Amino acid sequence: MITELGHFALILAFMVAIVQTIVPMVGAHKRWSGWMAVAEPAANAQFLLTGFAFAALMWAFVTSDFSLRLVVLNSHSAKPMLYKISGTWGNHEGSMLLWVLIVTLFGAMAAWFGGGLPPGLRARVLSVQAAIAVAFFAFILFTSNPFLRMAVPPFDGQDLNPLLQDPGLAFHPPFLYLGYVGLSMSFSFAVAALIEGRVDAAWGRWVRPWTLAAWVFLTIGIALGSWWAYYELGWGGFWFWDPVENASFMPWLLAAALLHSAIVVEKREALKSWTILLAILAFGFSLIGTFIVRSGLLTSVHAFANDPERGVFILLILAFFTGGALTLFAARAQEMEAKGVFGIVSRESALVVNNILLAVSCFVVFFGTMWPIIAEMFFDRKLSVGPPFFNAAFTPFMVLLGLALPIGSMLPWKRGRLGRTAWSLRYAFVLSVALGVLVWAMQTGQSALGPVGLFLGAWVVSGAAMDLWSRTGRTGRLGRLMRLPRADWGKAVAHAGLGITIFAVAGLTAWEEEDIRVVQFNEPFEVGGFTLTLEGVERLPGPNYISTMGFVQLEKDGREIAMLTPEKRDYPVARMPTTEAAIDYRLMRDVYVVIGDQQSNGGWTVRTYIKPFANWIWGGCILMALGGFISLSDRRFRVAAGARKAPEGGVPAE
């Protein structure tokens, strides 16, 4: 009964979304306040109905209702409760329902917190957001219905993909979708502004918190996915430039560019057309990511579905919204006249450089991701584009971004002096060079990647600190430092997080050690100054798997540090094995051990990695997300600049 009610609620939400798409837009065009007022209750109703449908589907998973086809295909009665819950979105149909739930959540939030928006703009934003929901409601109901019943319910289910039965990946999709779908709000604001023909400083202030929230959630989602790949897949890496990894990374890059570009619109009323274009492209790349994951066009361990019919539907959604918005942009671009004038050396110019580097790096990733498909379609050649290409093509843009970031952050608006700004960063530069030279002197026979990465990371972090310090004047600096706006603190923390991540990636890549060998019981072996001993291997039962667990003693200088327990798990229902790495996490390094198969001589294959600064990668990501949250807590982000309330019974002039 609950399942039928959930299905019915989903259909009702679809109908409400259609009404919300049409009525407020017509009301805004005709200046009919009553029709525009429909948007807010419709957004709330749409969210509540979709939330009920999602809760009904989750209830079916929690109670193991095997009369539901989706539960049969993605659950099992012996599965731990966490994975019964996460199984709700650990599949194509359920993940799309989560997607549309978040679309409606953001629409409802725009209704809740959009009281400061002009009624016409608010109505158009909510109407465009509802149109996005209409498209995905139609996609779910017509091609991916999660509420289909089984004619003859089986006794038990087929279990969830074992790779998804992990705490990191249980929370990865919701955060990633909050970022993906959050960019729909920036898109809705951009389209609404194009329809109105007006982009001003107030619009820049309104669009920034939505973009920032989406960027923060994307950061967390990408970091969780990277961390999961690091410890779960057993290959020892944190980023493989997989097509689906790239699909989430490209919107992140464009969202970062959009966030910085919106600052220029707010502060100087410049870069209006470019900011609108970025808002369209950022959400467009989110839709491209959805297409890649669900169409079967590109294969990936992360892919949800392999269904060309569904892929065509998503491609039509992508063409309609992105193509329609770009057409509208072309028609209205001449009305996005910039007002602010700035010199070549200014913060505006620095933000333009920031935008160019981020946007070009995004298109480099896009080219590398799609080139195998293009080569096969047009040149009848099968190619693969892997990490060597991405590392060589992408890294220079990030190096340039890191070099420019501290200087750009401290340049004044409108017009500045490059020499004066560079002189104010002299201590940061000297510290960064000293650290790089120190590491260069300490290492022997190794590449320059580590020292250069340390210099660049220290430059970004110390530059962020100097930026904060420069805002405190000449007297009473500590007191003024504590009274700086939270947005300033948030920017500094986020930039410092980026610097730490840059250094950690370079350090890990330059200094990691790898060892693969066949190991006999109780025969110690050395890797990177550590002594490891395989003391035994046992087969142990798990909740819904059988584990082959090794016991590896880790020692250094004769002192036991840890007992590591790498595993190979076999899931009998899913008939799929997984690898569980054992990792001794420390501040400056990880010792990473993976157990393989038993060999004919009785020994076991053991793969060992020494990974310096691995945890700093995710620590830097946490700092970036924390900086975003600190900025969002700034009251100025919650109060729209230039907001004006409609007079009683009327609509303000637009």
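Brief remarks follow.
- Of all residues in the range 30-74, exactly one satisfies the criterion of being touching a Lys or Arg at 6+ places or on another chain (Cβ under 9 Å), surrounded by fewer than 17 Cβ atoms within 10 Å (Cβ to Cβ) and in a helix (DSSP H, G or I), namely V62.
- Unique match (being within 19 Å of D590 (Cβ to Cβ) and aromatic (F, W, Y)) among F551, F521: F551
- Residue, modelled with the lowest pLDDT, within the range 559-577, restricted to residues that are in a strand (DSSP E or B) and out of contact with any Pro (no Cβ under 7 Å at 6 or more places or on another chain): P577
- Output for the range 184-242, where each listed residue is out of contact with any helix residue (DSSP H, G or I) (no Cβ under 8 Å at 6 or more places or on another chain) and on the phi > 0 side of the Ramachandran plot: G234
- Inside the range 335-356, residues that are farther than 14 Å from W274 by Cβ and either part of a helix (DSSP H, G or I) or under 26 Å from the mean Cα position of the chain (by Cα) (or both) make up a count of 3.
- From L148, L224, L212, residue being within 30 Å of V265 (Cα to Cα) and either among the charged types (D, E, K, R) or at pLDDT 90 or above (or both): L212
- Total residues in the range 191-201, condition in a helix (DSSP H, G or I) and either within 21 Å of M25 (Cα to Cα) or in contact with a Pro (Cβ under 8 Å, 6 or more places away or on another chain) (or both): 6
- Residue in the range 20-34 that is closer than 17 Å to F136 by Cα and within 30 Å of the chain's Cα centre (by Cα) present: yes
- Put simply, of L498, L449, L534, L454 the only residue that is touching a residue at least 40 places away in the same chain (Cβ under 8 Å) and assigned by TED's automatic domain parsing to the domain that holds D557 is L534.
- Total residues in the range 202-245, condition among the aromatic types (F, W, Y), part of a loop (DSSP other than H, G, I, E, B) and over 13 Å from W618 (Cα atoms): 3
- Qualifying residue in the range 99-109 (condition: closer than 22 Å to P153 by Cα and in the same structural domain as F8 (by TED's automatic domain parsing)): no
- Test: residue in the range 578-586 that is aromatic (F, W, Y) and part of a loop (DSSP other than H, G, I, E, B): no
- One residue alone among V606, V552, V593 is part of a strand (DSSP E or B), out of contact with any Ser or Thr (no Cβ under 9 Å at 6 or more places or on another chain) and at pLDDT 95 or above, and that residue is V606.
- Considered as a group, the residues in the range 392-440 that are in contact (Cβ under 8 Å) with a residue 40 or more places away in the chain and of a type in the set (S, T, Y) include one that is surrounded by the most Cβ atoms within 10 Å (Cβ to Cβ), and that residue is S409.
- Among the criteria (1) in contact with a Ser or Thr (Cβ under 7 Å, 6 or more places away or on another chain); (2) part of a loop (DSSP other than H, G, I, E, B); (3) within 25 Å of I317 (Cα to Cα), the one A13 does not fulfil is (2).
- Residue in the range 162-183 that is in contact with a Lys or Arg (Cβ under 9 Å, 6 or more places away or on another chain) and either surrounded by fewer than 21 Cβ atoms within 10 Å (Cβ to Cβ) or in a loop (DSSP other than H, G, I, E, B) (or both) present: yes
- Residue match in the range 110-118 (condition: touching a residue at least 24 places away in the same chain (Cβ under 8 Å), surrounded by fewer than 24 Cβ atoms within 10 Å (Cβ to Cβ), farther than 30 Å from G27 by Cα and under 27 Å from the mean Cα position of the chain (by Cα)): no
- The residues in the range 476-516 that are surrounded by 14 or more Cβ atoms within 10 Å (Cβ to Cβ) and within 30 Å of I610 (Cα to Cα) can be counted, and the count is 22.
The values are calculated or read from the model by the stated rules, or taken from the named source; none is laboratory data. All of these numbers come straight from a predicted model, not from anything done at the bench. Using ideal geometry, Cβ is built from the backbone for each residue, glycine included, and neighbour counts are taken over all protein chains shown.
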